[in-house]
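Bear in mind that the values in this text are calculations on the coordinates, not laboratory data. Just so we're clear, the structure is a prediction, and the values are computed from it rather than from any experiment. So basically every Cβ, Gly included, is an ideal-geometry build from the backbone, and we count neighbours across all protein chains shown.
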Amino acid sequence: MGTSPRIFAHRGFHSPFSKHSESSLAAYMAAIDVGADGFECDIRLTQDHEIVIWHDSTLQRIANNSARISKSTLAQLRSICPIMTLDELLDLAIAHKKDLAIETKHPVRYRRAIEKALARLLDSRIVEIKKSGIQIYMMSFSWWATSYNSQSKFIGTFLVRSRAFLPLARFATSGLNIQILREGYIPPDPSKILVWTVNEQDDIELCKKLGVQVIITDNVRLAKSV
């Protein structure tokens, strides 16, 4: 107990804690500037099966446009806003030696295609990734998706982001909502737990006290100061 967790920037270092939009290149660059140890991101497949960094199913909340990710090509989306691809974020992570936590969203139009596309991309860059020494986590709220990822030959550590007390022993690393820790649950091995989304000082201090492996936060600057 007492070991400082690694700090991952949740969708980058973004508004309201910085001037940048979530999941943007500027937000991830800002995360580097404030000392994040890693990046968290959400991925979706476009109509032309490009893997993009985006949380919602549409551009509405961030870009004020109703375009749906799964029904638009990458070029169409980029004509509206500068959406990143996972390949581009991977370039950034490798260059700056930042760990990467990648969440696949479910349910989605293309179902298991997102995990297959993710595995292909990571496999195609495995030499660069290993040389850089970064750790990559593949995660999902979907138990099926997490089980699929755990069988990948790419890397040995995977994350199930459980809302409740699902069995965690099957996975080398597991994820918990901060609310679960607030309610007094103490994981059997906190050093193998990633916790999201940890934005308050009391919560950051709790994670540090427990010795969790990683906190995923919007407020990287505060987490670093604690």
Inset, instruction - For the chain, with a Gaussian network of springs between Cα atoms less than 10 Å apart, report the residue from 201, 60, 135 with the top mean-square fluctuation. - result: 60
Legend entry - GluC sites (Glu not before Pro) restricted to DSSP loop in segment 183-226 with at most 15 other C-beta within 10 Å: 183, 200
Inset, instruction - Kindly give the semi-axes, whole Å and largest first, of the ellipsoid equivalent to the chain, taking each as the square root of 5 times a Cα gyration tensor eigenvalue. - result: 26, 20, 17
Legend entry - Square roots of five times the Cα gyration tensor eigenvalues for segment 72-138, Å: 23, 16, 10
Inset, instruction - Restrict the search to segment 17-90; then list the trypsin sites (Lys or Arg not before Pro) that DSSP places in a loop and that have at most 16 other Cβ atoms within 10 Å of their Cβ. - result: 19
Inset, instruction - Could you pull out the pairs from 71/116; 105/192; 97/192; 130/209; 116/224 whose alpha carbons sit more than 25 Å apart here? - result: 130/209; 116/224
Inset, instruction - Would you work out the relative contact order for the chain, in percent, from Cα pairs under 8 angstrom that are 6 or more residues apart? - result: 23
Inset, instruction - Set the Förster distance to 35 Å, then compute FRET efficiency between residue 49 and residue 186 from the Cβ-Cβ distance, nearest 0.05. - result: 0.25
Legend entry - Pairwise FRET efficiency - residue 96 versus residue 58, Cβ, R0 = 30 Å, nearest 0.05: 0.50
Legend entry - Label-point separation, residue 116 to residue 225 (7 Å along Cα→Cβ), nm: 4.8
Inset, instruction - For the chain, with a Gaussian network of springs between Cα atoms less than 10 Å apart, report the residue from 64, 199, 177 with the top mean-square fluctuation. - result: 64
Inset, instruction - Once you have the Kirkwood Rh of segment 1-124 from its Cα pairs, apply Stokes-Einstein at 37 °C and 0.692 mPa s and quote D in µm²/s. - result: 220
Legend entry - Within the chain, longest stretch clear of exposed chymotrypsin sites (Phe, Trp or Tyr not before Pro) (DSSP loop, no more than 13 other Cβ within 10 Å): 1-164
